[in-house]
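Starting off with a structure, shown below.
The values are calculated or read from the model by the stated rules, or taken from the named source; none is laboratory data. The structure displayed is predicted, hence computed values, not measured ones. Don't worry about glycine lacking a Cβ; one is built from the backbone with ideal geometry, like all the others, and counts go over all protein chains shown. Just so you know, the surface numbers come from the protein's heavy atoms only, side chains and all, with ligands and any DNA or RNA stripped out. Shrake-Rupley method; radii C 1.70, N 1.55, O 1.52, S 1.80 Å.
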Amino acid sequence: MSEWSVSRRLAAEAFGTAMLVAAVIGSGIMAERLAGDGALTLLGNTIPTGAILVCLITVLGPISGAHFNPAVTLAFWMRRSIGLSLAAPYVAAQIAGGLIGMIAAHLMFELPPLQASLTARTGAGQWWAEIVATFGLVGMILGGVRFNAPAIPWLVGLYITAAYWFTASTSFANPAVAIARAFTDTFSGIQPLDVPGFVVAELVGAMLAVWFFGWLLYPTPRPLRAAMRQSRS
């Protein structure tokens with residue numbers, strides 16, 4: 001049994017997601033105010049997001065696993081690494097934390113706590129980008145779990161840093177973050193009408209990643225692996 005209580009795990013998920021969203025939205029606001037150029041603003045939004053992920057996963061990973069993302073929680077639930085009784089509260093904590101982080105960012109920059117974003121992000125290209133982004137993110141995490149768990153903070157941080165630039169959607173790859181970003185009419189926003197399409201695409205990407213990377217990373221079927229371990233013992 002883990003030494004971390006359920007309440008502490010949920011607090012870690014809520015806090016981590018809040019800090020992630022605050023970094024995404026806050027850095028977008030700061031970059032837009034300082035840069036005045038689209039590419040520089042995106043760069044100013046990208047680097048803090050990747051950096052905060054390394055910090056948060058390193059510190060909070062031992063407590064909750066540092067999902068901060070319903071798509072990641074779905075992936076671990078599909079792999080039976082987390083039960084539904086904990087996965088559902090994780091998702092609720094992540095969504096609540098994302099909204100808290102959005103409000104925190106707004107208050108720092110003296111903006112209204114809640115806004116409805118007017119930034120349209122929709123269409124087949126955007127949805128496909130979110131499938132690709134989430135597929136890759138979950139794949140990096142599963143690969144890290146399989147081969148090099150201490151590297152996971154860097155794998156995630158560097159992957160998201162790259163995915164901001166190679167995906168048409170700037171790689172939300174996170175339903176909780178997408179929901180929170182619907183309530184900020186800033187550089188990082190997405191209009192509420194477009195959120196469901198992003199969420200569906202992200203969940204599809206996660207499910208595809210579980211299937212593909214499960215096949216790729218674990219060539220020996222699970223029952224056979226268990227039998228082999230028992231025979232060795």
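Using a 7 Å offset from the Cα along the Cα-to-Cβ direction at both ALA35 and PHE147, what is the distance between the two label points in nm, to one decimal?
Label at ALA35, label at PHE147, 3.1 nm between them.
Please report the orientation-averaged projected area of the range 157-196, defined via the convex hull of its C-alpha atoms, in nm². Let's see the in-between values first.
On the way: hull surface 11.8 nm².
Here the figure is 2.9 nm², rounded to one decimal.
Principal axis lengths of the range 115-163 from Cα atoms, whole Å, largest first?
Principal extents (largest minus smallest coordinate, Cα): 41, 24, 15 Å.
Using only Cα positions of the range 55-194, each an equal point scatterer, no hydration layer, compute I(q)/I(0) via Debye at q = 0.12, 0.19, 0.20, 0.22 Å⁻¹ and quote the log10 values to two decimals.
-0.51, -1.23, -1.32, -1.46
So, one more: Find the centroid of the Cα atoms in the range 83-136 and in the range 167-206, then give the distance between the two in whole Å.
6
Shifting gears a bit: With charges set only on the Cβ (+1 for Lys and Arg, -1 for Asp and Glu), what does the dipole of the chain come to about its Cα centre, in debye to the nearest 20?
It works out to roughly 1100 debye.
In nm, give the distance between the simple-model label positions of LEU114 and LEU84, each being 7 Å from the Cα along the Cα-to-Cβ direction.
With each label point 7 Å from Cα toward Cβ, the separation is 3.1 nm.
Relative to the longest principal axis of the chain, what angle (0 to 90°, nearest 10) does the C-alpha long axis of helix 6-35 take?
That works out to roughly 40 degrees.
Now for a separate question. For the chain, the longest stretch holding no chymotrypsin sites (Phe, Trp or Tyr not before Pro) located in a DSSP loop with at most 15 other Cβ atoms within 10 Å is which?
110-233
Would you mind getting the accessible area per residue of the chain, heavy atoms of the protein chains only, 1.4 Å probe, in Å²?
Details: 11170 Å² over 233 residues.
Roughly 48 Å² per residue, with all protein chains present.
Tell me what the chain gives for mean residue ellipticity at 222 nm when only DSSP H runs of n ≥ 4 count, each as -39,500 (n - 2.57), the sum divided by the residue total, rounded to 500 deg cm²/dmol.
My calculation for the chain gives -25000 deg cm²/dmol from helical runs alone.
Tell me, what is the Rg over Rh of the range 1-108, with Rh the Kirkwood radius over Cα pairs?
Result for the range 1-108 is an Rg/Rh of 1.05.
Evaluate 2.2 N^0.38 Å with N set to the residue count of the range 47-105, then give the Cα radius of gyration divided by it.
1.17
Of ALA149, LEU43, ILE131, which is farthest along the charge dipole of the chain in the positive direction, counting Lys and Arg as +1 and Asp and Glu as -1 at C-beta?
ALA149
State which stretch of the chain is the longest one without any exposed GluC sites (Glu not before Pro), exposure meaning a DSSP loop state and at most 16 other Cβ atoms within 10 Å.
111-233
For the chain, what % of the accessible area comes from carbon and sulfur atoms, probe 1.4 Å?
72
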